[in-house]
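Read the figures in this text as sums done on the coordinates, not as results from a lab. Since this is a predicted model, take the numbers as computed values, not measurements. Quick reminder, even Gly has a Cβ in these numbers, built from the backbone with ideal geometry, and neighbours come from all protein chains shown.
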Amino acid sequence: MKKNKNSKILVLFLILIVTVGFYAYLHRSELTEKSLLLYADINLKHKNYENAYKIYNSLSQYSSKDTEIKDKMTICLCKMPMIYSVQKKLLEIAQTDDGSNAEKMATSRILKFRNKILKKYGDNYVKEILFNNLVLRWGTESKNINYYLSGDKETPEYYLKIAKDVFADWQRESDEFLTFKQVNNEAGAKIIIKFHGNADTSEIPVNTEYQAGVTKPLIEKENLLKQMRIDILNKTHENEFFTKEQIKTLITHEIGHALGFCGHTKDNATIMYYSLDNDYDLYQNRIDTSLTSADINTLKLLYALAPDVCDNIKELEEKEKFIYHKVLFDALDDNKNAAVEEAMELVKVNPGSIAHSLALADAYTADGKYKESINLMILLTNHTTDKKLLNVLYYNIANNYILIKDFENALGYAEKAVSTNNTVDNRCLLAYVKLLNGDLEDAEIGFKRILSRHPSNVNASLGLADVFIKKKQYLEARKILKQLVKLRPDVVNDKVFAPYKMYVII
Ligand SMILES: [Zn+2]
């Protein structure tokens, strides 16, 4: 009797399932969408943002134009912890550039996050040292970064001793944020420093100009960082041994590269400073350099970013706890002034910082506000006597004047740049401004003078070709361009060369 009742219920239940199933089959998309939306709304109401987000997100794949779903999805994202995937999704929404509410909400959330991070890490230059806009660094979990040092028979003993000290400096100054350990074999080392003479090295290509130190990453399978290899020459370009101070600065800088600092800065108060024009500048003019707070802040922020190239596979795959670097640095279309505002904020907080003021000038230039940039830089020239900095300022002011086609002022500042520092770059700029001013004879003399000593200089070659093109001496232009291609075959792939291609092919 009991058994019979149970089976009746079962049959009824089966019929019900089949009916509902059949109905759902007929109206499936509508039904599931509506019930899912309802379910997501309930989750949102109960502040289960993560659950709600997941549903809105999958719904938005099907109805991408539904602004209500997109808005609600963005609300959830704004309320969720800023893990990597949330940062990435918010940036994607902020960059849609459709003027939607979602875009505005996402933009404001990102800017708030950005300010928080930049305040937390303080004065830094991470933006300038990324590796082709990718983050390259060692894993944060490995206890020690092993390093190996070697020299040849000419290498002074103090080079090796100082290299050891410099690793200790990086470790101490970063409050043991990174720790290093010397090992006795190359194979077990992540960072290798080799000091050697000029003649017996196959490591440094012979056709490059003198470079005291070179750091190269060894990367496998596209993103697996295996080793950082530093080559440092025993002697200066004048064939003398480096002094203790010189070699210390040089090693500190190269180790910076080996830790993931893949670029240089314009600020000569940082270890990654590198002059625009002079390969020897680093050790000639920076003998007093030691690590600064900006260097250490940069290190710490770099290691808080999600890596694109790293030795730790886990960190490459599980990025949630890290910062997405584009969230810090990408321009947000809705808010073109963001970079300017941010830089102004930093200048306000730290009015003495020339690095911040320069960053503001850069932001103005990037934003098309050339006059603001010029005014700020002129102001900075009145507040510094540092020749290197003045050189950077004059050079940049002249370039900004070129951008607003005020060639007369551009000429004045290009001349100032040359008289501050008679470098190839500055002289090239001056000749270029003369060309723009229509002073073809002087421009030609200027470019020719540079090429007589630096025949493979790209800018001077292109400048001289420009002079000949303006004078309608196309065969002369072609000769110069062909010569350049012969000396620098890679130049044909360079964007700057594109307009000249036709002259070479003629
Ligand atoms: Zn460097």
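Counting Lys and Arg as +1 and Asp and Glu as -1, what is the net charge of the other residues whose Cβ lies under 12 Å from the Cβ of Lys88?
Summing Lys and Arg as +1 and Asp and Glu as -1 gives 0.
Please list the non-local residues whose amide H lies under 5 Å from the amide H of Ile323, H modeled 1.01 Å from N, same-chain partners needing a gap of 5 or more.
Residues meeting the amide H criterion: Leu305, Ala306.
Compute the long axis of helix 474-487 from its Cα atoms, compare it with the longest principal axis of the Cα atoms of the chain, and write down the angle in degrees, 0 to 90, nearest 10.
Rounded to the nearest ten degrees, it is 70.
So if I place +1 on the C-beta of Lys and Arg and -1 on the C-beta of Asp and Glu, and nothing else carries charge, what would the dipole magnitude of the chain be about its Cα centre? I want it in debye, nearest 20. Please report the intermediate quantities before stating the final value.
Values: 69 positive and 67 negative charges, 418 e Å.
Using Cβ point charges on Lys, Arg, Asp and Glu, the chain gives about 2000 debye.
At 4 °C and a viscosity of 1.567 mPa s, what translational diffusion coefficient does Stokes-Einstein give for the range 352-506, taking Rh as the Kirkwood radius over Cα pairs? Give it in µm²/s as a whole number.
79
For the chain, treating each Cα as an identical point scatterer without solvent, what Debye log10 I(q)/I(0) comes out at q = 0.07, 0.12 1/Å?
For the chain at q = 0.07, 0.12 Å⁻¹, log10 I(q)/I(0) is -0.54, -1.25.
Calculated from DSSP H runs of 4 or more alone, at -39500 (n - 2.57) each and per residue, what is the 222 nm mean residue ellipticity of the chain, nearest 500?
-18000 deg cm²/dmol
Could you check the simple spin-label distance between Thr385 and Lys8, using points 7 Å along Cα→Cβ, in nm with one decimal?
For Thr385 paired with Lys8, the spin-label model returns 10.7 nm.
Report, by chain and number, residues whose modeled amide H sits under 5 Å from the one on Gln182, excluding near sequence neighbours (fewer than 5 apart, same chain).
Counting only residues 5 or more places away or on other chains, the set is Tyr147.
Count charges around Met377 for me, please; just the other residues with Cβ under 13 Å from its Cβ, Lys/Arg as +1, Asp/Glu as -1.
On the way: positive: Lys266, Lys369, Lys371, Lys416; negative: Asp362, Glu372.
Neighbourhood net charge equals +2.
Counting alpha carbon pairs within less than 8 Å and at least 6 residues apart, what relative contact order, in whole percent, applies to the chain?
11
Answer with one residue from Met105, Ile397, Ala498: the one whose Cα lies farthest towards the positive end of the charge dipole of the chain, charges on Cβ with Lys, Arg +1 and Asp, Glu -1.
Farthest along the dipole direction, towards plus: Met105.
Can you work out ³J(HN,Hα) from phi for every residue in the range 212-223, in order, using Karplus 6.51 cos²θ - 1.76 cosθ + 1.60 and θ = phi - 60°, giving whole Hz and x for Gly and Pro?
5, x, 9, 10, 10, x, 9, 10, 10, 6, 6, 9
Can you find, among His454, Met80, Tyr148, the residue farthest towards the positive end of the dipole of the chain? Put +1 on the C-beta of Lys and Arg, -1 on that of Asp and Glu.
Met80
Would you mind checking which residues have amide H under 5 Å from Gln227's amide H? H placed 1.01 Å from N; only 5 or more apart, or other chain.
Leu218
My understanding is that a pair violates if its Cα-Cα distance is over 29 Å; which of Lys116/Lys405; Lys153/Lys181; Lys116/Lys388; Lys127/Lys470; Lys248/Lys326; Lys405/Lys495 do that in this structure? Kindly include the intermediate steps, with their values, before the conclusion.
Details: Lys116/Lys405 39 Å; Lys153/Lys181 24 Å; Lys116/Lys388 32 Å; Lys127/Lys470 39 Å; Lys248/Lys326 34 Å; Lys405/Lys495 22 Å.
Check vs 29 Å cut-off fails for Lys116/Lys405; Lys116/Lys388; Lys127/Lys470; Lys248/Lys326.
Compute the angle between helix 244-258 and the longest alpha-carbon principal axis of the chain, please, reported from 0 to 90 degrees and rounded to the nearest 10.
30
Quick one: Karplus J couplings for the range 32-49, per residue in order, coefficients 6.51, -1.76, 1.60, θ = phi - 60°, nearest Hz, x for Gly and Pro?
5, 4, 5, 5, 5, 4, 4, 4, 5, 4, 4, 4, 4, 4, 8, 6, 8, 4
Quick check: the angle from helix 84-94's long axis to the longest principal axis of the chain, C-alpha only, nearest 10 degrees?
80
Mind checking the full-extension length gain between Arg172 and Asp66? Use 0.36 nm per residue of separation minus the Cα-Cα distance, one decimal, nm.
32.7 nm
Output the peptides 227-238, 262-273 sorted from most to least packed, where packing is the average of other Cβ atoms within 10 Å over each peptide's residues.
The densest-packed peptide leads the list: 262-273, 227-238.
Pairs of Cα atoms under 8 Å, at least six residues apart: use those to get the relative contact order of the range 331-505, whole percent. The partial results should precede the final answer.
Numbers: 190 pairs, mean separation 17.9, N = 175.
Taking the mean separation of contacting Cα pairs over the length of the range 331-505, I get 10 percent.
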